[in-house]
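The structure under discussion appears below in the form of structure tokens.
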Amino acid sequence: MGAFDEFIGRESVAGLRAVLVRARPERDWATLDTVHESLPGNALKARSDLVAAALATDLDGDYRSAADVFRRALSDPDFRGWPLWPVTESAVTLALAEGSTTAFDDALELLSELTHRLTSEFAIRRLLAADLDRALVAVRAWTSSPDEHVRRLASEGTRPYLPWAVRVPGLLTRSRDLVPVLESLRDDGSDYVRRSVANHLNDIARHDPALVVETLDDWANDADAPPTRSWVVRHALRSLVKKGDQGALAILGFRAQSVTVSPPVLSAETLTVPDRLSITIDVRNDGDADARLVVDYVVGYRKSNGSISPKVFKLTTVSLAPGETRSVRAVHDFRPLSTRVHHAGTHWVEAQVNGVRSEATAFELEL
């Protein structure tokens, strides 16, 4: 990640050490003073782990000492930013090493105190994995916190597939236990919190789409729902809609319709990277009532082993009167990306209308 990794680097670690020296000047923080020498060449997560280990060493492996100094440091306005990631991780490491319920509960409280300086969403994962039931007691209480950062931690920290974070098996098998937490936050006054709720539900949809559809169907049909609820529902359903899930589409008002969808018409039969492909899709409403349609397109990318990997791209939504035909167009770029390596050979494009796919139109991609 290059410069991104430097968020935890020599300068920021020196700043963290200065804060901790002001909090506890009687400690020499010797390990933290030299840990920067081992950081180069490591990614951000590995750097965090190295600094967290240095903190644990300088704190003599004692959770109570760690909690005391970190709470003292909270009075310092410089105690913030990416160096707090290893701070939260070291606190959890020491609490779990102590093994007492007192340290476990206090570590949860400490994370909630630190999270407004830098999110504690990564560090909480090991507490969740160690004792999910005990941790969820605190999580549920956080939903009524006056601090939006703490409320967000209740949702974000418990996401099943939180990026960069360790997996917690219980969050995959007990998603229904988290629904009340999300329900408490669905109409939160902070967009920061509501976005987390939507992303959490979008995560659950990867392994339990039926639960997400069931939950959001109830939320969407609540007559007392505020205007902000509709955005949460739409954003939470985004992956299921791209997959053509009929339950998700129905919640958003896109029900099965009698339509005719043409195979995509492409602007070229052969492209050479970098190039752009124009895609035209004709859709006709064959029914006797107006039809609301979500129109997407799917590109079948050839992989290095010759297999095809389809990816859905959002296009548009349309409303068609009975008998009406509409042409919708897209332009798709084929250019080198860090997130996608192109491979020469046959690719294809399909239309997807209300989750139903058309016949495919093939084209050749050359490098």
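Tell me, what is the percent relative contact order of the stretch 133-198, built from C-alpha pairs under 8 Å that lie six or more residues apart?
Numbers: 51 pairs, mean separation 22.4, N = 66.
Result for the stretch 133-198 is 34 percent.
From the square roots a ≥ b ≥ c of the eigenvalues of the alpha-carbon gyration tensor of the stretch 117-167, which class results: rounded (a/c under 1.5), prolate (a/b over b/c), or oblate? In terms of gyration-tensor shape, oblate. For the stretch 136-243, the pair-distance distribution built from all alpha carbon pairs, in bins 10 Å wide starting at 0, is 15, 51, 31, 2 percent.
Just report the Cα centroid separation between the stretch 1-43 and the stretch 177-229, whole Å. So the separation of the two Cα centres works out to 39 Å.
Taking only protein heavy atoms and a 1.4 Å probe, the accessible area of the chain is 50% carbon and sulfur.
Can you give me the Kirkwood hydrodynamic radius for the stretch 60-99, using every pair of distinct Cα atoms, in Å to one decimal? Don't skip to the end; give the middle numbers.
Values: mean 1/r = 0.0952 Å⁻¹.
Every distinct Cα pair counted, the radius reaches 10.5 Å.
Taken over the Cα atoms of the chain, the convex hull encloses 158 Å³ per residue.
Each Cα pair of the stretch 272-319 feeds into the Kirkwood radius, which the Stokes-Einstein equation turns, at 10 °C and 1.306 mPa s, into a diffusion coefficient of 117 µm²/s.
Here the label points at residue 206 and residue 265, each 7 Å from Cα along the C-beta direction, are separated by 4.0 nm in the simple model.
Here the relative contact order of the chain, from alpha carbon pairs under 8 Å that lie six or more residues apart, stands at 10 percent. Under the combined filter of DSSP loop state and at most 12 neighbouring Cβ atoms within 10 Å, the stretch 82-191 retains these chymotrypsin sites (Phe, Trp or Tyr not before Pro): 164.
Restricting things to alpha carbons, find the Rg to Rh ratio for the stretch 42-187 using the Kirkwood radius for Rh. Before the final figure, lay out the partial values.
Values: Rg = 14.5 Å, Rh = 15.3 Å.
When Rh is taken as the Kirkwood radius, the ratio is 0.95.
Please give me the summed charge of the neighbours of residue 75: other residues whose Cβ is under 15 Å from its Cβ, Lys and Arg +1, Asp and Glu -1.
Numbers: positive: 22, 24, 71, 72, 80, 117; negative: 68, 76, 78, 113.
Cβ neighbours under 15 Å give a net charge of +2.
Starting from the Cα of residue 11, step 7 Å toward the Cβ, then list every residue of the stretch 72-111 with an amide N under 16 Å from that point. In the stretch 72-111, the label zone of residue 11 (backbone N under 16 Å from the point 7 Å along Cα→Cβ) covers 80-83. Normalised by the residues of the stretch 1-77, what does the relative contact order come to in percent, with Cα pairs under 8 Å and at least six apart? In percent, rounded to a whole number, it is 38. Please work out whether the stretch 8-104 counts as rounded, prolate or oblate from its C-alpha gyration tensor, where a ≥ b ≥ c are the square roots of the eigenvalues and a/c under 1.5 means rounded, while otherwise a/b larger than b/c means prolate and anything else oblate? Oblate shape, in that a/c is at least 1.5 and b/c is the bigger or equal ratio.
How much area per residue is accessible in the stretch 170-288 when the probe is 1.4 Å and only protein heavy atoms are counted (Å²)?
Per residue, the stretch 170-288 has 47 Å² of solvent-accessible surface.
The values are calculated or read from the model by the stated rules, or taken from the named source; none is laboratory data. The structure presented is a predicted model; accordingly, all values stated were derived computationally and were not measured. Don't worry about glycine lacking a Cβ; one is built from the backbone with ideal geometry, like all the others, and counts go over all protein chains shown. Side chains are part of the model used for accessible areas, which takes the heavy atoms of the whole protein and leaves out ligands, DNA and RNA. Shrake-Rupley method; radii C 1.70, N 1.55, O 1.52, S 1.80 Å.
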